[in-house]
Every structure is written in structure tokens, then in C-alpha cells.
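Down below is the structure, laid out as C-alpha cells.
The values are calculated or read from the model by the stated rules, or taken from the named source; none is laboratory data. The structure presented is a predicted model; accordingly, all values stated were derived computationally and were not measured. Cβ atoms come from the backbone with ideal geometry, glycine included; neighbour counts cover every protein chain shown.
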Amino acid sequence: MTDLAARHRRAARRECLATLGALVLGSGTGLWGATRTWATAEVPATLMRTTVEVTGSDLVPLASAVCLVGLAAVVLVPAVRRMGRRIVGAVLALLGSVLLVNVLVVAADVDGRAARWIERGGEGSGPVDTLSTSPGWVVPTAAGAALMVAAGVLVALRGHRWPAMGRRYERTGRTGRTGRAGRTDQMDRMDRTDQAGRADGSGNADRADHASHPDRRAQLGGGQAVTEGDGEAGSSAAVWDALDRGDDPTA
């Protein structure tokens, strides 16, 4: 049973690492593809012709932000637990799906979208003369978005079985609290034992003192005596009677 549980834990750990690796790969690939130049155009400016480069982030404004969220989720997933992982996985899957749809829509008309973006962006003073596109950069961006969707689905469905980053520290904290409580209880028991020992020792000493000394009645005279009890020097009335007679009760 122990070996089976250990195998399950190792399998869950490998699945978690593989999913996080896919998330890193997808987010990094999507960010890399989105920051590349998807189109280049020459437009007339005031005194010269200028070259304008259009990146994937210009045509798909959500691309860079979604990929950065995916990279941040790599740290967030191990730090949260069951419901937190379901929420993070659902958000990743949703954002990845939105990014994938936008990339595919832009890929269907890169030339027209790039030309419209340049005209609206005020990069030139006239229509676009020449336009060249590099639609190949659509592939890594779309692939990264697809990997984000897959990783988000796995996190949402399987994340509750994966180990959490904070368990080791929580076990340590609980052990520390238990150890401190145990040390406190042990110190309390030692204090009680020490007090009992001192009380027993004082009682024995008093009894030994009674055994080794004769009755104090003869010293005080008149049949009045100072008797010693546990923790008391003697009877106050007997002491005052001895003083009235002129006897020294300490003799």
C-alpha cells in the first residue's frame, strides 16, 4: 500500500511538471510569435517614403498580455490548492481559447488587417504602396495558444491531485508548534515535580527537626510551648506568653 501511494505521488508530480512545462512552452512560444514582424509596408510620408513594421501584438492586442498571464500561472498553480487550481485552469483555458480564435481570424486576412492598422495608426500620409507579410509567425502564436488551452484544461481537471508547494512548510510549522507545546508541557511537569519535591523535602526536614530536638515546651516554661507546623515558626500566643514571663523564646 505504501509503494502504491508513493507511485501515485510520483505520477502526480510528473503530470504536474509536464503540464507546467507545456504551459511555459505555450506561453513562451505564443509571446515569441506575437512579438515578431507579421507584415512590412512602405507608405509615403511628408518628404520620403517610410517603412512600417507590423507585429503580431499590433494585430492581436491580447496576445502579449495572455501569454504573460500564462507565464505567471506557472508560479501560481503550485501555490494554490483545489478550488484555486480549478479557477486558474479555467481562466487559462478561456484566455487561451480567446487568443487562439483571434489569431486564426487575423491569419485569414493578414494583408488587409495589416494595411488597415497602418492607415488607422497614422504611420503614413497616404495609402500603403507595397505590403509584404510573413504569415508563418501565425503558426507559433496559434500553437502557443493551443498549448495554453490544453494546460488550462489539465490544471482544472487534474490539478487537485498534484502536490502543493506549501505542504512541506506547513508540516514543518505544525511540527514546530507541536514541539513548542510539548516542551511547554514538559516544563510544566518538571515545575510541578520540583515543587512537590521541595514540599516533600521541607516536610521531611521539619520532621527530622522535630525528631532531633526535644519538646520546646521545657524551654519556654509554664507548660506553654511553641510547636512548629509545616512552614510556620511556632504559635504566636506561646511566643508572647514567653516574652511576658521574661523568657527568651529563641534560646
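Residue-wise test of (1) β-branched (Val, Ile, Thr); (2) within 23 Å of Val54 (Cα to Cα); (3) in contact with a helix residue (DSSP H, G or I) (Cβ under 8 Å, 6 or more places away or on another chain).
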position	(1), (2), (3)
Val75	yes, no, no
Ala79	no, no, no
Met83	no, no, no
Met148	no, no, yes
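Could you please let me know if Thr29 is in a helix (DSSP H, G or I), among the polar types (S, T, N, Q), under 21 Å from Ala151 (Cβ atoms) and touching a Pro at 6+ places or on another chain (Cβ under 9 Å)? So Thr29 passes the test.
Can you pull out every residue in segment 32-62 that is in a helix (DSSP H, G or I) and either acidic (Asp, Glu) or within 15 Å of Leu154 (Cα to Cα) (or both)?
Asp58
For segment 47-60, check the following and say yes or no: at least one residue is within 30 Å of Arg161 (Cα to Cα), surrounded by fewer than 19 Cβ atoms within 10 Å (Cβ to Cβ) and without any contact (Cβ under 8 Å) to a residue 40 or more places away in the chain. Taking every residue of segment 47-60 in turn, none turns out to be within 30 Å of Arg161 (Cα to Cα), surrounded by fewer than 19 Cβ atoms within 10 Å (Cβ to Cβ) and without any contact (Cβ under 8 Å) to a residue 40 or more places away in the chain. When residues in segment 109-163 are screened for being part of a helix (DSSP H, G or I) and either surrounded by 14 or more Cβ atoms within 10 Å (Cβ to Cβ) or at pLDDT 85 or above (or both), 37 of them pass.
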